[in-house]
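J.: Could you have a look at this structure, given as structure tokens, before my questions?
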Amino acid sequence: MDIRRLDLNLLLLLDGLFRTQNLSALSRELGMSQPMASTGLRKLRDFFGDPLFLSTGRGMRPTPFAESIAEAVRTVLSTVDQQILRKPRFVPEESDRVFTVTTSDIGVLIFIPPILQRIRSMAPGASLRCLPTSHEDLEDALESGEIDLAIGYFPDLVGPNIVTEDLFDHPFTSIVRKDHPTIGDTLSLEQFLAADHIVVNQQGRSQEIFERRVRELKLQRRVVLHLPHFMSVPQLIATSDMISTVPFSLGAWYANAGLKLLPPPVSIPLIELKQHWHRRMDNEPAVRWLQTIVAEELRDRDPALAMSADYAKSRAKAAAPVAGRSATTIASRLR
């Protein structure tokens with residue numbers, strides 16, 4: 001027998017006959033005419049080469065062959081109904097799913113705490129994994145499902161199958177140690193250019209925004225240290241006379257570790273932070289749930305606001321010259 005010759009819809013008729021043993025009653029139940037039901041039964045008999053059901057005084061009784069396949073037919077129909085026709089569901093409180101995201105080292109500090117707290121409260125059996133992924137491999141990782149979401153600044157992630165949702169914009173700040181010998185509560189362009197700088201070199205990351213602005217203005221700094229990541233910058237600044245310009249959240253996180261945050265002496269575009277996923281995951285319930293969590297926790301909200309009691313005051317001061325916007329406007333928008 002060739003399954004390609006079998007109309008699988010006829011299995012509903014076959015299963016119904018096992019149950020009702022009455023072709024007239026079954027045709028009404030299935031919403032078809034009795035002649036159509038009779039035609040379907042004839043096709044089944046031809047395909048299997050067996051009468052399947054015989055009319056008796058007690059209704060249509062199955063043949064031994066029909067009885068031998070009854071359970072298998074019921075299993076096939078149940079599998080199609082449960083695993084193919086019904087959309088998969090995601091029940092957070094029952095899930096042990098491992099969600100995988102990629103973000104920057106600062107993103108781990110800023111994004112992950114509120115997201116993880118929400119996941120643990122709603123899906124206590126689930127967990128979160130942060131996986132570093134190169135920009136070149138990121139779209140493929142999203143497509144394959146290796147990565148569920150990319151959260152942060154990914155300006156090159158713009159393929160036709162990538163879906164993007166805006167979260168919030170974030171400014172830069174310059175940081176120096178609190179008792180810096182030559183830089184007080186303000187930072188002039190002359191002081192900025194005369195200082196020894198730490199520069200973080202991360203291709204495709206937010207720091208490129210600031211470095212591109214420096215090149216546009218043709219500013220000549222004295223860079224004494226290049227680093228591949230941000231995490232060591234605050235400690236190096238707190239124990240030296242060097243200066244660095246970093247995303248504001250990093251400075252705010254370490255503000256109580258001997259640092260002061262100062263407005264950069266030039267305007268710098270804001271960092272546009274987003275979440276990204278692959279279009280093929282649009283209807284995947286678990287990933288959609290995670291996207292909703294991220295949006296609810298981060299969209300139009302800067303988690304750095306909760307970092308310290310002094311954050312709002314220092315942010316209003318340090319963000320003043322950013323991209324030509326007033327500190328009051330930026331601070332009020334991010335509250």
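J.: Working carefully through the options Asp15, Asp46, Asp96, find the one that is closer than 29 Å to Asn283 by Cα and at pLDDT 90 or above.
T.: Answer to the selection: Asp96.
J.: Taking the conditions exactly as written (touching a His at 6+ places or on another chain (Cβ under 9 Å), within 26 Å of Phe172 (Cα to Cα) and part of a helix (DSSP H, G or I)), does Leu109 satisfy them or not?
T.: Answer is no for this residue.
J.: Can you give me the number of residues within segment 217-241 that are in contact with a helix residue (DSSP H, G or I) (Cβ under 8 Å, 6 or more places away or on another chain), of a type outside the set (D, E, K, R) and under 29 Å from Phe168 (Cβ atoms)?
T.: Of the residues in that region, 7 qualify.
J.: Considering only segment 94-111, state which residues are surrounded by fewer than 17 Cβ atoms within 10 Å (Cβ to Cβ) and touching a strand residue (DSSP E or B) at 6+ places or on another chain (Cβ under 7 Å).
T.: The answer is Val98, Val108.
J.: Only residues that are in a helix (DSSP H, G or I) and modelled with pLDDT under 90: list them for segment 78-92, please.
T.: Correct list: Ser78, Thr79, Val80, Asp81, Gln82, Gln83, Ile84, Leu85.
J.: Restricting attention to segment 22-36, does a residue exist that is under 25 Å from Asp2 (Cβ atoms), aliphatic (A, V, I, L, M) and part of a helix (DSSP H, G or I)?
T.: Yes, that holds for at least one residue.
J.: Limited to segment 52-69, what total is found for residues that are on the phi < 0 side of the Ramachandran plot and either of a type outside the set (S, T, N, Q) or in contact (Cβ under 8 Å) with a residue 24 or more places away in the chain (or both)?
T.: 12
J.: Has segment 154-167 got at least one residue that is open to solvent by 40 Å² or more (accessible area, probe 1.4 Å) and hydrophobic (A, V, I, L, M, F, W, C)?
T.: yes
The values are calculated or read from the model by the stated rules, or taken from the named source; none is laboratory data. All figures in this text were calculated on a predicted structure; none of them were measured in a lab. With ideal geometry, Cβ positions are generated from the backbone for all residues, glycine too; neighbour counts draw on all protein chains shown. These area figures cover heavy atoms from the full protein model, side chains too; ligands, DNA and RNA do not enter into them. Shrake-Rupley method; radii C 1.70, N 1.55, O 1.52, S 1.80 Å.
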